[in-house]
Amino acid sequence: MISKERLKNIFINMVKVDSPSKNEYEMVKWLVSYLYERGIKAKIDKVGEKFGGNSGNVIAYIKGGLDLEPVCFQAHMDQVSPCLGVKPIECGNIIKSDGSTTLGGDDKAGIAAVLEAIEHIKETNTPHRDIYLMFSVCEEVGMFGCKYLDIDDLPVKNIVIIDSVGEPGAIAYKAPSKEHIDITFYGKKAHAGIEPEKGINAIVVASHAISNMNIGRIDSETTSNIGEIKGGGSTNIVTDSVSFNIEIRSHSMEKLKKEIENMKICCEEAAKKFNTTYEFKHENSYPSFELSKDSYIYKLTEKSMQLAGITPNPMIIGGGSDANILAGKGYDCAIISMGVYNPHALNEYLNLDELYITTKAVINMMTLEI
């Protein structure tokens with residue numbers, strides 16, 4: 001039987017291990033040791049060397065006895081700050097931090113569900129499919145663990161990602177692409193009180209460009225947002241440089257490209273109007289992804305939830321995750337929820353009863369045919 005007490009202890013032991021993004025080494029050691037003690041050999045890849053992290057992803061393989069399609073179970077090890085010295089507090093079936101840090105339910109609850117599922121199938125000698133495990137680093141600050149993953153280390157098509165918030169049942173099957181844009185307008189300095197006409201105020205130029213951009217909810221598939229503006233100083237100097245950054249998200253790559261071009265036009269027109277120059281740089285942070293509801297892993301996830309007493313709730317989400325990167329590498333990914341609430345906040349909490357139900361569904365995914 002699944003042990004709720006063991007599941008709770010696994011989770012609590014993990015959240016006590018510090019694992020901020022790019023500094024997950026202690027969590028990696030904990031996981032590798034945990035798996036080794038249960039006869040599972042894990043590999044630590046070297047992706048951290050590519051982005052200044054102190055460790056890599058943890059990847060493991062468990063040979064199964066059932067002739068079924070292999071499935072990988074994936075979650076990330078890093079945690080949003082402040083996250084050092086987490087002190088978990090139990091309040092009935094709720095686990096939270098003491099309020100000075102995030103809890104780390106995002107995404108150590110996902111890891112806990114996988115580890116307890118493995119404990120169950122080993123303890124009961126339950127026949128299962130070939131199982132891959134992939135616990136990634138640096139998801140929270142750019143999905144770098146998955147971006148630099150060598151697909152030869154993960155020779156499987158189907159991935160279940162336990163990293164969605166809320167009550168069990170969510171199957172996130174579609175998420176947008178995100179474009180990051182950096183814009184700088186250049187003006188000309190002058191004394192603001194004596195000869196302002198000799199200057200070009202970069203703040204005014206940037207404001208003109210921004211006023212013509214589409215910001216906020218653009219349509220049902222597309223959003224944009226200005227994150228930060230920098231520039232200027234003393235009021236007696238005409239500002240000669242202003243920089244700002246923007247993100248655009250869309251489920252449609254065509255619409256994403258259209259908004260990028262529209263922002264370029266806005267900048268070009270503003271620069272022309274005020275007779276000045278600008279720089280416009282953009283980079284795709286991650287691609288969009290969409291999992292077919294006819295795919296093997298979607299159907300397996302849906303059936304596994306139903307047999308666990310969970311009502312599947314297919315969802316289109318607005319954020320990015322490891323799934324975007326992995327899908328871009330050719331994997332079929334389904335993201336599921338596990339009873340975590342208020343992620344990235346000091347009042348984050350885990351509903352242990354809901355994690356327990358999620359673990360039942362994960363066990364089904366390890367053992368069922370469809």
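The values are calculated or read from the model by the stated rules, or taken from the named source; none is laboratory data. No experiment lies behind these values; they were computed from the predicted model shown. Cβ sites come from the backbone with ideal geometry, for glycine too, and all protein chains shown count toward neighbours.
Quick notes on this structure:
- Residue in segment 184-194 that is assigned to a strand (DSSP E or B) and buried (at least 22 other Cβ atoms within 10 Å of the Cβ) present: yes
- Identity of the residue in segment 240-262, among the hydroxyl-bearing types (Ser, Thr, Tyr) and in a strand (DSSP E or B), that ends up nearest to residue 225 (Cα to Cα): 250
- Residue among 313, 324 that is touching a residue at least 40 places away in the same chain (Cβ under 8 Å), farther than 24 Å from residue 149 by Cβ and assigned by TED's automatic domain parsing to the domain that holds residue 357: 313
- Candidate set: segment 261-288, residues that are in contact (Cβ under 8 Å) with a residue 60 or more places away in the chain and of a type in the set (A, V, I, L, M); chosen: the one surrounded by the most Cβ atoms within 10 Å (Cβ to Cβ): 263
- Which listed residue is assigned to a helix (DSSP H, G or I) and touching a Lys or Arg at 6+ places or on another chain (Cβ under 9 Å), from 310, 297: 297
- Residue 224 meets the conditions (1) more than 17 Å from residue 288 (Cα to Cα); (2) surrounded by 17 or more Cβ atoms within 10 Å (Cβ to Cβ); (3) under 29 Å from the mean Cα position of the chain (by Cα); (4) of a type in the set (S, T, N, Q) in every case but one. The failed one is (1).
- Condition broken by residue 98, with the remaining ones in (1) charged (D, E, K, R); (2) closer than 25 Å to residue 331 by Cβ; (3) assigned to a loop (DSSP other than H, G, I, E, B) satisfied: (2)
- Every residue from segment 68-96 that is of a type in the set (S, T, N, Q), over 17 Å from residue 22 (Cα atoms) and surrounded by fewer than 24 Cβ atoms within 10 Å (Cβ to Cβ): 93
- Filtered by the rule that a residue be buried (at least 19 other Cβ atoms within 10 Å of the Cβ) and either of a type in the set (A, V, I, L, M) or not assigned by TED's automatic domain parsing to the domain that holds residue 113 (or both), segment 43-59 gives 47, 58, 59.
- Beta carbons closer than 8 Å, at least 6 apart along the sequence or on distinct chains, pair a first residue in segment 118-133 that is assigned by TED's automatic domain parsing to the domain that holds residue 32 with a second that is modelled with pLDDT of 95 or more and of a type in the set (Asp, Glu) for 129/69.
- From the options 19, 100, residue that is in contact (Cβ under 8 Å) with a residue 60 or more places away in the chain, touching a helix residue (DSSP H, G or I) at 6+ places or on another chain (Cβ under 7 Å) and hydroxyl-bearing (Ser, Thr, Tyr): 19
- From the options 329, 281, 303, residue that is more than 22 Å from the chain's Cα centre (by Cα) and closer than 27 Å to residue 182 by Cα: 281
- Some residue of segment 108-116 being of a type outside the set (Val, Ile, Thr) and in a loop (DSSP other than H, G, I, E, B): no
- Any hit, segment 289-310, residues being buried (at least 18 other Cβ atoms within 10 Å of the Cβ), at pLDDT below 95 and closer than 29 Å to residue 364 by Cβ: yes
- Boolean, residue 223 is out of contact with any strand residue (DSSP E or B) (no Cβ under 7 Å at 6 or more places or on another chain), under 30 Å from residue 160 (Cα atoms) and either touching a residue at least 60 places away in the same chain (Cβ under 8 Å) or not assigned by TED's automatic domain parsing to the domain that holds residue 358 (or both): no
- Test: residue 64 is closer than 20 Å to residue 141 by Cβ and either outside the structural domain of residue 148 (by TED's automatic domain parsing) or outside any strand (DSSP E or B) (or both): no
- Any chance residue 265 is part of a helix (DSSP H, G or I), modelled with pLDDT of 95 or more and farther than 20 Å from residue 167 by Cα: yes
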